[in-house]
Structure formats: structure tokens, C-alpha cells
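Have a look at the structure below before the remarks.
The values are calculated or read from the model by the stated rules, or taken from the named source; none is laboratory data. Note that the coordinates shown come from a computational prediction; the quantities given were computed from them, not determined experimentally. Please note: Cβ atoms are built from the backbone with ideal geometry, for glycine as well, and neighbour counts cover all protein chains shown.
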């Protein structure tokens with residue numbers, strides 16, 4: 001009895017080849033890609049196939065009674081259409097410009113924005129469709145706004161003085177005038193000249209006054 005039962009089960013399960021699908025213990029010819037099964041085969045007729053509807057597809061020979069829905073490239077998930085869906089192929093999505101894919105399973109499912117490098121860093125590797133931006137710290141003696149490193153300005157080499165030293169995020173600030181000690185000496189020189197001129201004028205005035213009095217007495 002057990003042997004008969006096993007034989008019956010084996011006979012009820014059809015062994016189909018690669019171009020067929022099994023339905024109710026019978027092997028039916030598959031429909032081509034871009035099509036679906038409209039009516040299964042029977043002992044008198046072969047499988048009847050219909051084309052997929054709009055926004056559906058089948059990308060391989062199949063025994064499906066409904067085609068697969070085309071994927072949507074949702075901008076809210078950072079995606080856009082790279083290749084539109086056809087009856088024989090699914091939509092191909094790609095990240096929006098400035099985004100990279102973080103969920104990939106035969107097609108990109110979600111993407112997020114590339115990271116921005118912070119001030120004091122530079123872009124070592126630009127972000128791609130499947131990788132984020134790689135940031136690195138700027139070397140000593142330089143600064144950046146998060147894109148490229150620039151060397152601090154050397155004020156002395158320009159004949160100026162450093163008012164404020166450069167940092168990781170800002171350049172050095174230079175004075176537009178002479179160095180402070182030169183400025184001090186210049187001011188002192190001007191003051192001395194004014195004093196001398198003033199003294200000379202006072203003496204000249206006194207001499208003129210004296211001559212005036214002497215001339216009146218005569």
C-alpha cells in the first residue's frame with residue numbers, strides 16, 4: 001500500500017523541462033518575456049499567452065498569470081529614472097545628482113545625499129553613485145572651506161605684518177601699513193619735527209618783537 005501511495009504521488013507531480021512550467025500536475029509551455037499566461041494548456045491546446053499591460057513586465061520566459069509591476073523611482077527616496085520600464089524589462093533607477101545608493105537589490109531602492117566636508121577638511125574622494133564623499137583633514141599651515149586646502153598667507157613675504165594668525169578654517173590676516181615699530185618711529189619723528197618748527201617760530205617771533213621795541217625807542 002505504501003509503495004502504491006508513493007507511486008501515485010510521483011505520477012501526480014510532473015517533471016517539466018526548462019521551457020515548461022507545472023500546473024495541476026501537467027507541464028505547459030512557458031510564455032515569452034513580455035507576456036503572461038492567459039490560459040493554461042490542457043490535453044488538447046497549448047498555453048495561451050497575452051502581452052503584459054502598461055507599467056508591468058516579465059523579463060524571462062514564465063508561467064505567470066499576471067505580469068510584474070514596474071518599479072517606481074521615487075524622488076523622495078533620492079531616485080530618478082535611468083531606464084524606463086518596458087514590457088520585457090523593469091525600470092532601472094539611479095540616485096539623483098549629489099546622492100548615492102544605500103539600498104541595492106537588483107535595482108537601487110533608496111539613495112541619500114553625499115556628505116559635505118567640514119571647514120578645515122578637503123574632499124579626498126568625490127562621492128559616486130554607490131559611495132559617499134571621503135573627507136580628510138587639511139595639513140598644518142593650511143585652511144579650507146570644506147572643499148580644497150589653501151596655504152596660509154605669509155604676510156612677511158609680502159612686506160606686511162601678521163595681524164591675526166591663520167587657523168584651520170581661516171587665512172592669516174595681514175596689515176596694509178608698515179610694521180608697528182616703524183610706525184612708532186615715524187610718529188615720533190613727525191612729533192620731533194613739529195616741536196623743532198614750533199620752537200623756531202617762537203624764537204623768531206621773540207626776536208621780531210624785540211627789534212620792534214628797539215626801533216620804537218629810537
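Going through segment 64-89 one residue at a time, which ones are within 30 Å of residue 21 (Cα to Cα) and assigned to a loop (DSSP other than H, G, I, E, B)?
Matches in segment 64-89: 64, 65, 66, 67, 70, 71, 72, 84, 85, 87, 88.
With 153, 161, 128, 133 as the choices, which residue is more than 30 Å from residue 54 (Cβ to Cβ) and in contact with a helix residue (DSSP H, G or I) (Cβ under 9 Å, 6 or more places away or on another chain)?
Result of the check over 153, 161, 128, 133: 161.
Out of segment 33-54, which residues are within 26 Å of residue 89 (Cβ to Cβ) and surrounded by 14 or more Cβ atoms within 10 Å (Cβ to Cβ)?
The first filter runs over segment 33-54 and keeps only residues within 26 Å of residue 89 (Cβ to Cβ), leaving 33-40, 46-54.
Residues satisfying the conditions are 33, 34, 35, 36, 37, 40, 47, 49, 51, 52.
Keeping to segment 30-52, report how many residues are in contact with a strand residue (DSSP E or B) (Cβ under 9 Å, 6 or more places away or on another chain), assigned to a loop (DSSP other than H, G, I, E, B) and free of Cβ contacts under 8 Å to residues at least 24 places away in the same chain.
Final tally of qualifying residues: 7.
For segment 90-182, give me every one of the strands (runs of 3 or more DSSP E) that falls completely inside it and has 3 or more residues that are surrounded by fewer than 16 Cβ atoms within 10 Å (Cβ to Cβ) and assigned by TED's automatic domain parsing to the domain that holds residue 33.
none
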